[in-house]
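Structure record follows, encoded as structure tokens.
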Amino acid sequence: MASPSVDEQIRALSAGAADVISAADLRTKLDRGQPLRVKLGIDPTRPDIHLGFAVVLRKLRQFQDLGHTAVLIIGDFTAQVGDPSGRSATRAPLAPEEAEANAASYFDQVGRILRDDRLEVRRNSEWLGRMGIHDVTALMARMTVARLLERDDFATRYASGAPISLLEFLYPLLQGWDSVIVRADVELGGTDQLFNNLVGRQLQQQEGQEPQVVLTMPILEGLDGVQKMSKSLDNYVGIAEPAAEQFGKLMSIGDALMPRYFELTTGWGPDQVADTLAQISDGRLRPVDAKRLLARTVVDLYHGEGAGMAAEAAFDQVFRAGGAPDDVPDRTVAASEFTDGPVRVARVLALAGLVPSNKEGRRMIEQGAVRIDGQRVDDPDATLEKSQVSGKTWQVGKRQWARVRVE
């Protein structure tokens, strides 16, 4: 099969992009016929990768499939500084051990999207961790405060009197220096990374390198359809989540979100996306069927072909027939928890991993979202004996199930 032409590559790589700075520079680089070094930085501030960040990872995979080299920067150093992009307040620094634990969890997850070949993985502590105070001040001298205040989030905070730490001012320079070190031809990111990526372009020019092309992807809205996808807002779909969980969450999105999700989460080319949206628009594909197609496609992407159909069958069993899914996971609670007598239901929920905390357990009970063997729990202060817990099937909300055992 013939290699794609430069025009075909530009069409594929620009599809869905918010910014390409500049298209002329990208063409010049592609015209040389040499593999490009395409950089993407990930700060391991959280252990899970969701579909929002996967938008950029899938674009990186496109570059790989066209013969280019993905340069994945694990920002184990910059994670400790904290990216101020889009923030209205100074972020607390991340502990080194937390950044390292999160970074370790990323490798398996990115492997669900990126190819093993044409992949170079670097940690920016390799070079940033060795910088002395002279190196840092020399880097800071390359940028003015006026230039940094061109960033919307910095300008807004400065105008309102909200504090901005000098460390936050340093962040775009550190990210930009990564581009100099790895000699990036292209840098990818979300639209919230545009300023940082342009700083890398500027630093490369100052170092006598050909400036990188900056390609940004749209920020994916979360399941609520309002705010960006985020774990902290609980409106996300994690790429490593169980297939049934992914399917159920995607079935909950509003119809208005489907065009964005088909374009940004399926891995489809622009022609297939356009054809599917046309079928929805002219009534050949009902919205509910389109949503099922979307959910099956995303589940197959991250769990393998056929996983989407299996997740759909499980979904129908739960939501149409009203029964528990076939693959209810077992969760264990230590018998020592019952040494002093009965334990609150909210506590058991947290111990079984069905909620993140006792407080959240109480909240879910108050919302009427907790059932034990099909019986709803109404009292947030309810307690149970060990025998009333072990072997029971617990349900939280519509998608969280577990068979709890006391050992």
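If we keep just the residues of region 377-407 that are assigned to a strand (DSSP E or B) and open to solvent by 40 Å² or more (accessible area, probe 1.4 Å), which is modelled with the highest pLDDT?
Once the filter is applied, the top-ranked residue is T383.
Among the residues of region 220-229, how many are surrounded by fewer than 20 Cβ atoms within 10 Å (Cβ to Cβ) and touching a strand residue (DSSP E or B) at 6+ places or on another chain (Cβ under 8 Å)?
2
I'm checking my understanding of the structure. Among residues of region 214-234 that are of a type in the set (D, E, K, R) and over 16 Å from D48 (Cα atoms), which one is farthest from the chain's Cα centre (by Cα)? It would help to see each step written out before you state the result.
Here is the first cut: in region 214-234, the residues of a type in the set (D, E, K, R) are 221, 224, 228, 231, 234.
With over 16 Å from D48 (Cα atoms) added as a condition, the list becomes 221, 224.
Working: E221: 11, D224: 16 Å.
Among residues in region 214-234 that are of a type in the set (D, E, K, R) and over 16 Å from D48 (Cα atoms), the one farthest from the chain's Cα centre (by Cα) is D224.
Can you name the residue in region 39-68 that is in contact with a helix residue (DSSP H, G or I) (Cβ under 8 Å, 6 or more places away or on another chain) and assigned to a strand (DSSP E or B) and is also nearest to S105 (Cα to Cα) among such residues?
I42
Would you please name the residue that is farthest from the chain's Cα centre (by Cα), looking only at residues in region 165-197 that are closer than 15 Å to L26 by Cβ and of a type in the set (A, V, I, L, M, F, W, C)?
Selected residue: A184.
Could you give me the residue pairs with C-beta distances under 6 Å whose first residue belongs to region 396-407 and is more than 20 Å from R362 (Cβ to Cβ) and without any contact (Cβ under 8 Å) to a residue 60 or more places away in the chain, whose second residue is open to solvent by less than 60 Å² (accessible area, probe 1.4 Å) and of a type in the set (D, E) wherever it lies, and which are 6+ apart or on separate chains?
Cβ pairs passing all conditions: none.
Can you tell me which residue is most open to solvent (accessible area, probe 1.4 Å) among those in region 94-131 that are in a helix (DSSP H, G or I) and in contact with a Phe, Trp or Tyr (Cβ under 6 Å, 6 or more places away or on another chain)?
Here the residue is S125.
Between Q205, Q193, Q209, which is open to solvent by 20 Å² or more (accessible area, probe 1.4 Å), polar (S, T, N, Q) and in a loop (DSSP other than H, G, I, E, B)?
Selected residue: Q209, the only one of Q205, Q193, Q209 that is open to solvent by 20 Å² or more (accessible area, probe 1.4 Å), polar (S, T, N, Q) and in a loop (DSSP other than H, G, I, E, B).
Six or more apart or on different chains, Cβ under 9 Å: which pairs go from a residue in region 359-376 that's over 19 Å from V404 (Cα atoms) and open to solvent by less than 80 Å² (accessible area, probe 1.4 Å) to one that's assigned to a loop (DSSP other than H, G, I, E, B) and of a type in the set (D, E, K, R)? Could you list them?
G368/D378
I'm trying to understand the selection: among the residues of region 329-358, which are among the hydrophobic types (A, V, I, L, M, F, W, C) and surrounded by 14 or more Cβ atoms within 10 Å (Cβ to Cβ)?
Passing the criteria: V333, F338, V343, V345, A346, V348, L349, A350, L351, A352, L354, V355.
List pairs: first residue in region 151-163 and in contact (Cβ under 8 Å) with a residue 40 or more places away in the chain and hydrophobic (A, V, I, L, M, F, W, C), second residue in a loop (DSSP other than H, G, I, E, B) and surrounded by 13 or more Cβ atoms within 10 Å (Cβ to Cβ) anywhere in the structure, Cβ distance under 7 angstrom, at least six positions apart or on different chains.
F154/I164
The values are calculated or read from the model by the stated rules, or taken from the named source; none is laboratory data. Note that this is a predicted model, so its numbers are computed, not measured. Reconstructed Cβ throughout: ideal geometry from the backbone, glycine too, with neighbour counts over all protein chains shown. These accessible areas exclude ligands, DNA and RNA; they are computed on the full protein's heavy atoms, side chains included. Shrake-Rupley method; radii C 1.70, N 1.55, O 1.52, S 1.80 Å.
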